[in-house]
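The values are calculated or read from the model by the stated rules, or taken from the named source; none is laboratory data. This structure is a prediction, so every number in the text was calculated from the model and none was measured. Please note: Cβ atoms are built from the backbone with ideal geometry, for glycine as well, and neighbour counts cover all protein chains shown.
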Amino acid sequence: MPRKKHVRSEDTKRDILAAAGELFTTKGYDAVTMREIATKAGCSHTTIYIYFEDKEALLNELSMPSLLELKQTIRELMRVQEEPEHVLKRISLLFIRFCLLNRNMYRIFFEVKSVRVDETEPEMEINQIRIQLFAELMQAVRDCTGLKEGSERLLACTRIYFYMLHGIVGTYQYSAETADELMQRLSDTFNESFDVLLLGFREKNQSDQ
């Protein structure tokens, strides 16, 4: 009997998460209520609070496993002994593919309840991971440009680079092509975009000196 109860409990939690993910992506995080999520999941509005304290708890549960896996993979790439440009390109392509594979959720992963990337003590766990991911990207950009660690210029260049990555993902968010089809067809173009942006950073930095 306890085993069956545990299975039902896990099923209910899974249903709540699925309902939250669908509603967040279709209606927007701010517009969705816990009561709506409960109704869609087929449970009462009181039952949902047994599993999740609030929408922020749901956001964390939906996002953290994927973001932690992405962070771990990026850190492994950062340890590879290759030219800095190659490492940055591999990280960039990994990020684009990750977002295209999760195109229905990527704005949830990276934008909902987000804070500034230079926030020192974010309260939400998801924002801690987002900032750590940005820090890894910033280190990769620093390795390619030689910009001073902790400088405003390095922060600005990394933000610009991040804008480009999100722009690429946003362009193909509603494409009928799969992530693998898009990556196969456009990886050369993406790599050229990385080269051009890095070249622009270096030339701008030299002209400012």
The correct count of residues that are farther than 27 Å from residue 157 by Cα and either under 18 Å from the mean Cα position of the chain (by Cα) or not in a loop (DSSP other than H, G, I, E, B) (or both) in the range 40-95 is 15
**Message:** Tell me yes or no: at least one residue of the range 185-199 is modelled with pLDDT of 95 or more, of a type in the set (Gly, Ala, Ser) and surrounded by 19 or more Cβ atoms within 10 Å (Cβ to Cβ).
**Reply:** no
Exception for residue 23 within (1) free of Cβ contacts under 8 Å to residues at least 24 places away in the same chain; (2) in the same structural domain as residue 165 (by TED's automatic domain parsing) falls at (2)
Restricting attention to the range 165-174, the residues that are out of contact with any helix residue (DSSP H, G or I) (no Cβ under 6 Å at 6 or more places or on another chain), surrounded by 11 or more Cβ atoms within 10 Å (Cβ to Cβ) and part of a helix (DSSP H, G or I) number exactly 3
If I filter the range 43-65 for residues that are in contact (Cβ under 8 Å) with a residue 60 or more places away in the chain and β-branched (Val, Ile, Thr), do I get at least one hit? no
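For the condition exposed (fewer than 14 other Cβ atoms within 10 Å of the Cβ) and at pLDDT 95 or above, what is the one hit in 203, 177, 149?
Values: 203 fails: at pLDDT 95 or above; 149 fails: at pLDDT 95 or above.
None of the others qualify; the one that does is 177.
Kindly establish whether residue 31 is under 19 Å from the mean Cα position of the chain (by Cα) and of a type outside the set (Phe, Trp, Tyr). Don't jump to the end; show me each part of the working.
Numbers: under 19 Å from the mean Cα position of the chain (by Cα): no; of a type outside the set (Phe, Trp, Tyr): yes.
Criteria not met by residue 31.
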Report task. Check whether at least one residue in the range 147-167 is touching a residue at least 24 places away in the same chain (Cβ under 8 Å) and more than 22 Å from the chain's Cα centre (by Cα), and report yes or no. Result -> yes
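Which members of the range 136-156 meet the condition of being part of a helix (DSSP H, G or I), within 17 Å of residue 87 (Cα to Cα) and not small (Gly, Ala, Ser)? It would help to see each step written out before you state the result.
Of the residues in the range 136-156, the ones part of a helix (DSSP H, G or I) are 136-145, 152-156.
Narrowing the set further to residues that are within 17 Å of residue 87 (Cα to Cα) leaves 136-145.
Passing the criteria: 136, 137, 138, 139, 141, 142, 143, 144, 145.
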- Test residue 44 against the criterion of being crowded, with 19+ Cβ neighbours inside 10 Å and of a type in the set (S, T, N, Q), and give yes or no. no
> Of the residues that make up the range 111-119, is at least one outside any loop (DSSP other than H, G, I, E, B) and either within 11 Å of the chain's Cα centre (by Cα) or at pLDDT 95 or above (or both)?
Replying inline: no
